[in-house]
DNA sequence: CGTCACAAATGAATGGCATTCATTTAGTGG
DNA sequence: CCACTAAATGAATGCCATTCATTTGTGACG
């Protein structure tokens, strides 16, 4: 965050307004990196409801319209946040661990990062990878790992997409209210579901979301292991 | 014919405005079912961007503020839509097919319904089931099916949550642009991922999303089959 | 050394949005 | 018959993203 404190004279006093006269400043106040950093900080402190272009401008001590010299829309700011967050996802295990453990570590890390940023998921899910270089780098790391592990070329994208879909869907669950499955007055008409819910005890839903994620992830890993075996078999015959 | 078409005089002419005087009308114009139906029709015709309270009111030939006598917020309308859509998900196979085929049919149907309604996913994912009776009915049908198939009680909720997470994540993929994986000028720095993408040929991403969904779903079903086997084994020993 | 295009800021609109409120009218229960 | 409440209108309210005219500084070109 280099660009922040240059323009205003007194950083130790809570200056409220963008005290800067109109016209181009001597040195640029804004750039995409600074905007991204401020946006991320704002989102972390106040959440996505409070994340408005006006609030972001205020955090940067700038008029809202100034932002549009550096980004074309609020959506673009979300994309910048998304790409930065993706660089925080841990793919290091693809260099050190067996493929299945690497996938496990990656998926847990991926979910952990985006569980706190679910409003980005609709943006990410339909975003061309070319608009997000760090995201592309993550895919490359995963692809490389799976390829080295012997996965058939044609399965790799499908496996990544399936895992990612599961991660995104599961990220929502982490933030669900603890009593999401309480059927209330309708419990009588849903005996089997209510019994299944009751059998879970009182461990809290956050833990329950982890159980479901683990269950699904292990099933996916096991299923993909079979794919890999098929691929290796076919190649050794040829 | 006195009650039904009384408010607007000429139904054959495109009357634009809510031609009705102020004050309570002789018979109620609005109710939750009517609002839900109109909202769904509006969303289907014009999409979620065009779905505003003002547009909904216009479709119902009513002032926007009138809606708030029947729903407390736009979000509540989304919940009504969601619950109705969930009743369109096909769970019939849980009564006729083996559990694995039933899960398969259910998941494909579930994804098909919500692929066209991805803006609802953030709403559904954190919605208490008690607020959505038809959704609860779906869970009951699935729970009953899994229980009859011999799944251990404690696994059922986790399995449903995992499947649902995968379905929601996959629903986004269906609407992704065809060139979402085109890495463009960065292809050189991502050789493995680019090669994996290139190996897919030109079948279009919609088909590719189906392949990934099938791959993940079959892995999940296979993994859950193992759970079921463990449960049966443990019970026969006891 | 001047000037000219362009970059980067301000501040004042603009139009759309969900939601609220005062008001009007009409059924309903005591 | 009267008070209460339900259900409509229409006029605000406040927030939001985005645009535009304007001002000011920079750097490149002649």
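Quick note: the coordinates plus some simple rules give every number you see, no bench work behind them. What you are looking at is a predicted structure, and each value in this text was computed from that prediction instead of being measured. Methodologically, a virtual Cβ is constructed for each residue, glycine included, from the backbone with ideal geometry; neighbour enumeration extends over all protein chains shown.
Counting only Cα atoms, the size of segment B:143-199 along its three principal axes is 53, 22, 16 Å, in decreasing order. Per residue of chain B, the DSSP helices (runs of n ≥ 4 H) give a summed -39500 (n - 2.57) that works out to -19000 deg cm²/dmol at 222 nm. Run the paramagnetic zone check for residue A:206: 7 angstrom along Cα to Cβ, then residues of segment A:37-75 with backbone nitrogen under 18 Å. It comes to A:44-47, nothing else. Would you mind telling me which residue in B:85, B:56, B:30 has the biggest mean-square fluctuation in a Gaussian network model of chain B, where springs connect alpha carbons within a distance under 10 angstrom? Most flexible of the set in this elastic network: B:30. Gaussian network model of chain A, Cα springs within a sub-10 Å range: biggest mean-square fluctuation belongs to which of A:147, A:24, A:116? Greatest mean-square fluctuation among the candidates belongs to A:24. Between residue A:148 and residue A:33, the C-beta separation translates, for a Förster distance of 35 Å, into a calculated FRET efficiency of about 0.60.
What separates the residue A:19 label point from its copies, with the point 7 Å along Cα to Cβ, is 6.1 nm, written shortest first. What whole number of Å gives the distance from the Cα centroid of segment B:16-66 to the Cα centroid of segment A:43-64? What the calculation gives is 34 Å, centre to centre. Working from label points 7 Å from Cα in the Cα-to-Cβ sense, the residue B:97 to residue A:175 distance is 3.4 nm.
Binning the alpha carbon pair distances of segment A:89-237 at 5 angstrom intervals from zero yields the distribution 1, 8, 16, 18, 17, 13, 10, 7, 5, 3, 1, 0, 0, expressed in whole percent.
In the assembly of identical copies, residue B:178 has its label point, taken 7 Å from Cα in the direction of the beta carbon, separated from the corresponding points by 5.0 nm (ascending, one decimal). Helix B:205-237 and the longest principal axis of the C-alpha atoms of chain B enclose an angle of approximately 60°.
The ratio of the alpha-carbon radius of gyration of the protein assembly as shown to the globular-protein estimate 2.2 N^0.38 Å is 1.12. Each other copy holds its own label point for residue B:133; taking that point as 7 Å from Cα along Cα to Cβ, the gaps run 5.6 nm, nearest first. For the pair segment A:109-179 / segment B:146-165, the C-alpha centres are spaced 24 Å from each other.
By other beta-carbon atoms within 10 Å, ranking A:227, A:146 with the fewest at the front produces A:227, A:146.
Look at the alpha carbon pairs under 8 Å that are at least 6 residues apart: their mean separation over the length of segment B:84-238 gives a relative contact order of 28 percent.
Each of A:49, B:210 was scored by other Cβ atoms within 10 Å of its Cβ. Listed from fewest to most, they are A:49, B:210. For segment B:32-71, the square roots a ≥ b ≥ c of the C-alpha gyration tensor eigenvalues yield an a/c of 1.5 or more together with a/b exceeding b/c, which makes the shape prolate. Shown is the FRET efficiency for residue B:131 and residue B:22, computed with R0 = 35 Å from the Cβ-Cβ distance and rounded to the nearest 0.05: 0.60. Quick note on segment B:191-238: its Rg to Rh ratio, both from C-alpha atoms and Rh being the Kirkwood radius, is 1.34.
Angle between the Cα long axis of helix A:32-46 and the longest principal axis of chain A, 0 to 90 degrees, nearest 10? Taking Cα atoms only, the helix is inclined about 70 degrees. Considering all C-alpha pairs of segment B:71-173, those separated by over 24 Å amount to 20%. Enter the angle in degrees (range 0 to 90, nearest 10) between the Cα long axis of helix A:99-115 and the first principal axis of the Cα atoms of chain A, meaning the one along which they spread out most. The angle comes out at about 40 degrees.
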